[in-house]
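> Take a look at the following structure, please.
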Amino acid sequence: MSESSRYQPQAIETGWQRAWHDNGLHDTPELKAGDDAFYALSMFPYPSGNLHMGHVRNYVITDVVARVQRLRGKKVLHPMGWDAFGLPAENAAIERGVDPGAWTDQNIASMREQLNQLGLSIDWQREVATCHADYYRWTQWLFLQFLDSGLAYQKDATVNWDPIDQTVLANEQVDSEGRSWRSGALVEKRKLRQWFLKITDYAQQLLDDLSKLEGWPERVRTMQANWIGRSTGAELQFSVVDAAGNDTAERITVFTTRPDTIFGASYVVLAPEHPLVAQLTTADQEIAVEAFCDLVSRQSEQERTAEDKPKRGVPIGAQVRNPANGELIPLWIADYVLADYGTGAVMGVPAHDQRDFLFARQYELPVQQVIIPEGCDEHAFEGGAWTEAGVLIHSGRFDGLPSGKAKQAITAAAEAEGWGQEKVQFRLRDWLISRQRYWGCPIPVIHCESCGVVPVPADQLPVELPRDVAFSGKGGSPLAQLESWVNVSCPCCGKPAKRETDTMDTFMCSSWYYLRYSDAKNTSLPFSREAVNSWLPVDQYVGGIEHAILHLLYSRFFTKVLRDRGLLSFDEPFTRLLTQGMVQGITYKNPHTGKYIAPADVADPSDPRDPVSGEVLETFYEKMSKSKYNGVDPALVIDKYGADTARMFILFKAPPEKDLEWDDADVEGQFRFLQRIWRLVDSASERGLSLAAGAGGPEAVAQALAAGSLNPAEQELRRAVHTAITEISDDLDGDFQFNTAVSELMKLSNAMGTHLEGSGDVFACEALRTLLILLAPFAPHLAEELWLKLGGRNASEALASSSIHAQRWPSADATALVRDTVPLVIQIKGKVRGNLEVPADADKATLEKLALESEIAAKWLEGKAPSRVIVVPGKLVNLVP
Ligand SMILES: [Zn+2]
C-alpha cells in the first residue's frame, strides 16, 4: 500500500476544520418565508478552561442532529456560547489575584479551540458570553421587564454569613460541616433584603403546560411536576387561648392536605421564624425557645427537612383550640417547619402522618386515631401511622364518612363556621435571584431615599461591572465597597442615591440565552420579535439531566413572561429534549483503605491489585472525575485516533440517553472501522470509479435501472444500500438511536466489501455515494476527504455548495428491498438435503414442481415418485418416499 493511501486523521481533520470555517459552511442561513427551519441546541458550558468527556458527548450528539437536518434540506441554527458568570472566577480572583474577566476570557478561548477540534458544525458568529456587556445589558433590560410587570420584588431572606471574614457566602462556599471554605468559621444565618422573581404567579401554567412537552423525557416532566408540587387541601384556623383557657383574637392558620384528620390533631407547630413565636412564648419557656431558635438558625433548609434526620422541637407554652372539637392542644416550634412554605404552621396528627408520629413518640405527645382502613376494626391499629385514606372515627358528626367525602364535608363546615377554607398550595417558591457577589450581572436599580427603588433608564444600560476592584474575600460584596461606583444621583429626582450592589443568580443569564442566539448581534433589543419567532421554539435541546429542574423551569418561566409582555409568541422554549447519559471511566478502589488507584498504576487489569500493598482492588465504572483518577482526556484521544474516531465511539457505545462506559478496545474498533472505509474507497479509486458529474446519483441510477436487469451482486449491493438508508433514517428520527445507525453503517461497508467488485460502475458508485453521505454526520472529516478523493466535488468548486455536507440525504428505493428469488429448503423424509433458489412469488404447485425437478430430488429419490409431498410456501418442501 502506498504512503498516500493510509488513513491519517491528524493530517486531514484540522485542514477541513479550517476550510469549513473559511468558507462559512456552518453559518446560519437567512430565513425566508416558507423555509423549513431547525434549531439544534446544546446546553452551553461554564468556561472552566477544560473540555471533559461529558461535554464531548453532549456536543457530538447535537452536532449529528444538526448535520442530519442540513442534509435533509433544513435551514439549521446550531450555535454555542458560554455561561460565564459565577463563583470560580471570583474565587480565582481572591486566591490568586487574577482579573475574573481576563481569566474567563482565556478559558473561553481555550475551550473554543478544544471544541473546534471535534469538528462541530457550530455557527461561531452567534457566540454569546453572559459576562460580556453586550449580553448582560439585555439580561438587565429583561430584569426591568419583570420589575415593570410587578414580577420582581424585594423581601428579607436568610443568607450564609461568615463572622470572621464578615462576608456573605454562597451555599457552595459552605462545607458539609457548615464552615466557611476560606476562614473555617462556623457559618451563621443572617437576614438580608434581597430580590425575588415571582415564579409562583406562573405555577399553574408551568404545571399545565408540561402536557404539551411530548418530546421531553417522561422522567423530566415528572421531576418538574414534583418540584412545582401542587396540592389541594384546606387552610384551617386554630384560636390561641389565654392562660385562663379563653379564646383570644389571635389565630394560627395551618395548611393541610388532610382536613379529614383534624380531629386527630394533638399539637400545632410553628416555624421557629414565625412572627408570632416571640409574642406567644410564655415566660417559663423563653430560655428554651431562644436556645432552640439559635440552634435552628445555623441549619440549612436541607438539614432541617432531610427525611433521615430526627426532627427536633420545643413547646412555647401557649395553647390553641382545635376548631373541630374544641380541645386545647399545645403550640410547638420545630425545625422541620419552614417559615416561607405555606403558612409557616402545620397541625400535628401523629396517627396519620409518619413524621408527626415519630415526633409525637419522641416528645410523648398523644396519638389519637381518627381514620381506620375501610372494613377494618378500630382496635387493629398497631403503632405506626396510617397515612392512607379510610373511614373516619372519633370525629363527631363526621364518623363513618370515607376520607374523600370527609375532606369536602369538613372543609365546607369550616367555611360555614368561619374557621377555614379550601386552598390550593404549591411547593414551588419565589426565585431568590440576589447574590452578594462581584462576578455576576449587576441588578439595574438605584435606591433613592425619596423615590425608593428606581430602575436604571434603558438608555443608560448596561450598568457595567467596574473592573478596578480589590478582591480580599473579606467584608461586604466587592461592589458595595467601591464608593465611586455605588454613589450616583437618582434618575428621578437627582438627589444623591446608591446603586443596588447585589448581582443576579447566574440562572438568570442562562434563562434566555437560547433566545439571544436567534438575533445575537441586535444592538437595540435582546432579540427582534421576527427573528425569535422564526427560529424558536428550539427543535432539539440536548443537555445533562442535572438541569432537569431549575434551568429548564426558569427558562420556561422566562418564555411565558416574555410572551405575556408581547416580546415573543410561543408558550414553551424547547420542543424536544434529550438528556444524555454520563460518561463513565473504569475505576479502581482499594476496599480496605477506600483509596482510588489510577488505572496507569494497575499492572494487570485482569487481576487488579494495589501497587503498594498488593491487595485485590474493586473494579467498577463511575462518572469520570479527577478525584477518582478515572477520567480520559478528550485531547489525548483526538491526538491518537482523530476526532472522527472519538465521535464514532461515543455514538456507537451506548444509546444517547444511557450511561456510557469508556472502553479503549472499542475506541480502537471504531478506528479500524474507519480505516476499512478508507481502504474500500481507496480500492474503488484504483478501479477508476468516480463520483464526478452525479455518478451514482438518483438520475444515473434511474437510467441504469430502466436500461436493463441487475446481476446478482448488484441486487445484493442495492439491497444493502437501501436497507441502510431505511434503517439509518429511522434511527435518526425521534429517538436518535445513533448506536444502531453506526451498526448499520458497518453492515453496509461489509456488504460493499463483498459485492462492490462484482457490480457495475453505476451501482458501485451509488453504494459509495450513499455510504459517504450516511457517514458524513458521524465522521464529518473522513467523509469530506473521501468525497473529494472520489471526485464527489472538484477541488476548484466552491466548498459551500459542493461539500459532502451540502448534499442531500438519500431516499430509499423500496423496489431494491424486494427479493426476486428466495431460498427454499428441500427435505427428504424430514431431513434437510439442500437449498433451492425459487421465484419469490411462486405458488404451491410451482414449488412442488421445482422441488421434484431438482437435482436434490433426483439424487435422493432415485427416480421414484414420492408417496407424499408437503409444501410450506416461502420455507420448505418435504418429499416423503
Ligand atoms: Zn429620587
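The values are calculated or read from the model by the stated rules, or taken from the named source; none is laboratory data. Predicted model only: the values in this text are computed from it and were never measured. Methodologically, a virtual Cβ is constructed for each residue, glycine included, from the backbone with ideal geometry; neighbour enumeration extends over all protein chains shown. Accessible surface is based on the protein model in full, side chains and every heavy atom, while ligands, DNA and RNA are left aside. Shrake-Rupley method; radii C 1.70, N 1.55, O 1.52, S 1.80 Å.
> Among the numbered criteria (1) of a type in the set (S, T, Y); (2) at pLDDT below 85; (3) in a helix (DSSP H, G or I), which single criterion is violated by Y136?
(2)
> Can you name the strands (runs of 3 or more DSSP E) wholly within the range 480-560 that have at least 2 residues being of a type outside the set (S, T, N, Q) and either buried (at least 17 other Cβ atoms within 10 Å of the Cβ) or touching a Cys at 6+ places or on another chain (Cβ under 7 Å) (or both)?
Correct list: 496-499, 540-544.
> Would a scan of the range 719-740 turn up a residue that is of a type in the set (D, E), assigned to a loop (DSSP other than H, G, I, E, B), farther than 30 Å from P217 by Cα and open to solvent by 30 Å² or more (accessible area, probe 1.4 Å)?
Filtering the range 719-740 down to residues of a type in the set (D, E) leaves 727, 730-731, 733, 735.
Right, trim to assigned to a loop (DSSP other than H, G, I, E, B) and you get 733, 735.
Still in the list and also farther than 30 Å from P217 by Cα: none.
No, there is no match, as no residue in the range 719-740 is of a type in the set (D, E), assigned to a loop (DSSP other than H, G, I, E, B), farther than 30 Å from P217 by Cα and open to solvent by 30 Å² or more (accessible area, probe 1.4 Å).
> Go through the residues of the range 127-137 one by one and say whether even a single one is surrounded by fewer than 20 Cβ atoms within 10 Å (Cβ to Cβ) and under 25 Å from the mean Cα position of the chain (by Cα).
Scanning the range 127-137, I find at least one residue that is surrounded by fewer than 20 Cβ atoms within 10 Å (Cβ to Cβ) and under 25 Å from the mean Cα position of the chain (by Cα), so the answer is yes.
> Any idea which residue in the range 467-479 is nearest to the ligand (Cβ to nearest atom), counting only those that are on the phi < 0 side of the Ramachandran plot and crowded, with 16+ Cβ neighbours inside 10 Å? Working first, answer last.
Initially, the range 467-479 is screened for residues on the phi < 0 side of the Ramachandran plot, giving 467-472, 474, 476-479.
Narrowing the set further to residues that are crowded, with 16+ Cβ neighbours inside 10 Å leaves 469, 471, 477-479.
Details: V469: 27, F471: 32, S477: 23, P478: 26, L479: 21 Å.
Filtering the range 467-479 for residues that are on the phi < 0 side of the Ramachandran plot and crowded, with 16+ Cβ neighbours inside 10 Å, the one nearest to the ligand (Cβ to nearest atom) comes out as L479.
> For the range 853-881, enumerate the residues that are under 60 Å from the mean Cα position of the chain (by Cα), assigned to a loop (DSSP other than H, G, I, E, B) and free of Cβ contacts under 8 Å to residues at least 40 places away in the same chain. Explain how you work it out, then say what you get.
Taking the range 853-881 and keeping what is under 60 Å from the mean Cα position of the chain (by Cα), we get 870-878.
Still in the running and assigned to a loop (DSSP other than H, G, I, E, B): 873-875.
Once the filter is applied, which keeps residues that are under 60 Å from the mean Cα position of the chain (by Cα), assigned to a loop (DSSP other than H, G, I, E, B) and free of Cβ contacts under 8 Å to residues at least 40 places away in the same chain, the range 853-881 yields only P873.
> If you check F196, F146, which single one turns out to be crowded, with 17+ Cβ neighbours inside 10 Å and part of a strand (DSSP E or B)?
Result: F196 is the single residue among F196, F146 that is crowded, with 17+ Cβ neighbours inside 10 Å and part of a strand (DSSP E or B).
Every residue, every condition in (1) within 27 Å of I252 (Cα to Cα); (2) basic (K, R); (3) in contact (Cβ under 8 Å) with a residue 12 or more places away in the chain, yes or no:
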position	(1), (2), (3)
W386	yes, no, yes
L392	yes, no, yes
G400	no, no, no
K407	yes, yes, yes
E417	yes, no, yes
V424	yes, no, yes
H447	no, no, yes
S450	no, no, yes
D459	no, no, no
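> State which residue pairs qualify: first residue closer than 16 Å to Q362 by Cβ and inside the range 297-312, second residue open to solvent by 40 Å² or more (accessible area, probe 1.4 Å) and hydrophobic (A, V, I, L, M, F, W, C) in any location, beta carbons under 9 Å apart, and separation of 6 or more residues or different chains.
Correct list of pairs: P310/L358; K311/L358; R312/L295.
> Could you say which residue among T411, T343 is farther than 21 Å from H274 by Cβ and either loosely packed, with under 15 Cβ neighbours inside 10 Å or polar (S, T, N, Q) (or both)?
The match here is T411.
> Take the conditions open to solvent by 40 Å² or more (accessible area, probe 1.4 Å) and modelled with pLDDT under 95 and apply them to N50. Does it pass?
yes
One line per residue, one yes/no per condition, for (1) within 30 Å of S176 (Cα to Cα); (2) open to solvent by less than 10 Å² (accessible area, probe 1.4 Å):
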| residue | (1), (2) |
| --- | --- |
| A318 | no, no |
| N322 | no, yes |
| W332 | yes, no |
| D335 | yes, yes |
| A339 | yes, no |
| G375 | no, no |
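> Need a quick list: strands (runs of 3 or more DSSP E) entirely within the range 384-469 having at least 1 residues that are of a type in the set (F, W, Y).
Correct list: 420-426.
> Here are E464, E449: which of them is within 16 Å of the ligand (Cβ to nearest atom), among the charged types (D, E, K, R) and surrounded by fewer than 19 Cβ atoms within 10 Å (Cβ to Cβ)?
Exactly one of E464, E449 is within 16 Å of the ligand (Cβ to nearest atom), among the charged types (D, E, K, R) and surrounded by fewer than 19 Cβ atoms within 10 Å (Cβ to Cβ), namely E449.
> Residues in the range 352-363: is at least one part of a loop (DSSP other than H, G, I, E, B), of a type in the set (D, E), in contact (Cβ under 8 Å) with a residue 12 or more places away in the chain and closer than 24 Å to G313 by Cα?
Within the range 352-363, one or more residues are part of a loop (DSSP other than H, G, I, E, B), of a type in the set (D, E), in contact (Cβ under 8 Å) with a residue 12 or more places away in the chain and closer than 24 Å to G313 by Cα.
> Kindly indicate the residue of the range 155-182 that is of a type outside the set (G, A, S), in a loop (DSSP other than H, G, I, E, B) and free of Cβ contacts under 8 Å to residues at least 24 places away in the same chain and also least open to solvent (accessible area, probe 1.4 Å) among those meeting that condition.
Keep residues of the range 155-182 that are of a type outside the set (G, A, S), which gives 155-156, 158-169, 171-175, 177, 179, 181-182.
Next, only the ones that are in a loop (DSSP other than H, G, I, E, B) stay: 163-166, 175, 177, 181-182.
Now narrow it down to the ones that are free of Cβ contacts under 8 Å to residues at least 24 places away in the same chain: 164, 175, 177, 181.
Working: I164: 112, D175: 68, E177: 134, W181: 86 Å².
Ranking the candidates gives D175 first.
> When you scan the range 567-643 for strands (runs of 3 or more DSSP E) that lie fully inside it, which ones turn up with 3 or more residues that are under 30 Å from L515 (Cβ atoms) and either open to solvent by less than 40 Å² (accessible area, probe 1.4 Å) or out of contact with any Lys or Arg (no Cβ under 7 Å at 6 or more places or on another chain) (or both)?
The strands (runs of 3 or more DSSP E) meeting that bar are 577-580.
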